[in-house]
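Novice: Mind looking over this structure? Questions follow.
What follows is calculated from the coordinates using simple rules that are stated; it is not laboratory data. What you see is a predicted model, and the numbers here were worked out from it, not measured in a lab. Glycine gets a Cβ as well: all are built from the backbone with ideal geometry, and neighbour counts include every protein chain shown.
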Amino acid sequence: MVVAVVGWGVAAGMEFMFLAFTDYCPPPRCSTDRAATAVLLSVSVAAALTVIGCVVTIIRLVRRRPGWPYAVATVAASTLAELLGIVGYFAAVGY
């Protein structure tokens with residue numbers, strides 16, 4: 001769970017830095033609106049998945065059932081959401 005939260009923070013910071021340092025965006029192939037939407041949506045989805053996964057994992061552990069599958073699924077889903085956000089950013093900017 002700690003890995004998921006720290007990973008989300010690092011990935012969110014990285015995506016916001018991508019967005020902050022988009023210097024030149026030629027109009028025919030670049031859309032800053034789509035880039036911002038991709039970044040903000042992926043960060044929000046990853047945050048929601050991380051919170052939900054942590055809550056489910058904690059509930060499983062309190063009930064003395066294995067929680068590791070849910071923790072692994074949380075890390076995987078959050079990572080996938082962040083990667084899709086990065087791909088969406090690069091597609092919107094035109095790289």
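Novice: Work out from phi, with θ = phi - 60° and the Karplus expression 6.51 cos²θ - 1.76 cosθ + 1.60, the ³J(HN,Hα) of each residue of region 78-95, listed in order in whole Hz, and give x for Gly and Pro.
Specialist: 5, 5, 4, 4, 5, 5, 5, x, 5, 4, x, 4, 5, 5, 6, 7, x, 7
Novice: With θ set to phi - 60° and the Karplus curve 6.51 cos²θ - 1.76 cosθ + 1.60, what are the ³J(HN,Hα) couplings of region 52-61 in order, to the nearest whole Hz, using x for Gly and Pro?
Specialist: Ordered by residue, 3J(HN,Hα) equals 4, x, 5, 5, 5, 5, 5, 4, 4, 5 Hz.
Novice: Just grab the label-to-label distance for ALA73 and ASP33, each label 7 Å out from Cα along the Cβ direction, in nm (one decimal).
Specialist: That separation, rounded to one decimal, is 3.7 nm.
Novice: Another question about this same structure. Kindly state, to the nearest 0.05, the FRET efficiency for VAL10 paired with TYR95, given R0 = 30 Å and r defined as their beta-carbon distance.
Specialist: Efficiency at R0 = 30 Å is approximately 0.90.
Novice: Please report, to two decimal places, log10 I(q)/I(0) for region 4-45 at q = 0.20 Å⁻¹ as given by the Debye formula with identical point scatterers on the Cα atoms and no solvent.
Specialist: These q points yield log10 I(q)/I(0) values of -0.63.
Novice: Just want to confirm a number: the relative contact order over the chain, from Cα pairs under 8 angstrom separated by 6+ residues, in percent. Provide the component values of the computation, followed by the final result.
Specialist: Numbers: 96 pairs, mean separation 42.8, N = 95.
It comes to 45 percent, rounded to a whole number.
Novice: What is the distance in Å between the Cα centroid of region 4-29 and that of region 32-74?
Specialist: Cα centroid of region 4-29 versus Cα centroid of region 32-74: 20 Å apart.
Novice: Which value, to two decimals, describes the C-alpha radius of gyration of region 39-95 once divided by 2.2 N^0.38 Å? Provide the component values of the computation, followed by the final result.
Specialist: On the way: Rg = 14.1 Å, N = 57, 2.2 N^0.38 = 10.2 Å.
Output field value: 1.38.
Novice: Taking neighbour Cβ counts within 10 Å as the exposure measure, how do ARG64, ARG34, ARG29 sort from fewest upward?
Specialist: On the way: ARG64 7, ARG34 14, ARG29 10.
The fewest-first ordering by Cβ neighbours comes to ARG64, ARG29, ARG34.
Novice: Assigning unit charges at the beta carbon (Lys, Arg +1; Asp, Glu -1) and nothing else, what dipole magnitude in debye, to the nearest 20, does the chain show about its Cα centre? Before the final figure, lay out the partial values.
Specialist: Values: 6 positive and 4 negative charges, 120 e Å.
In debye, rounded to 20, the chain gives about 580.
Novice: Moving on. Report the Rg/Rh value for the chain, based on alpha-carbon coordinates and the Kirkwood definition of Rh. Intermediate results must be reported in sequence, preceding the final value.
Specialist: Values: Rg = 15.9 Å, Rh = 14.1 Å.
Rg/Rh for the chain comes to 1.13.
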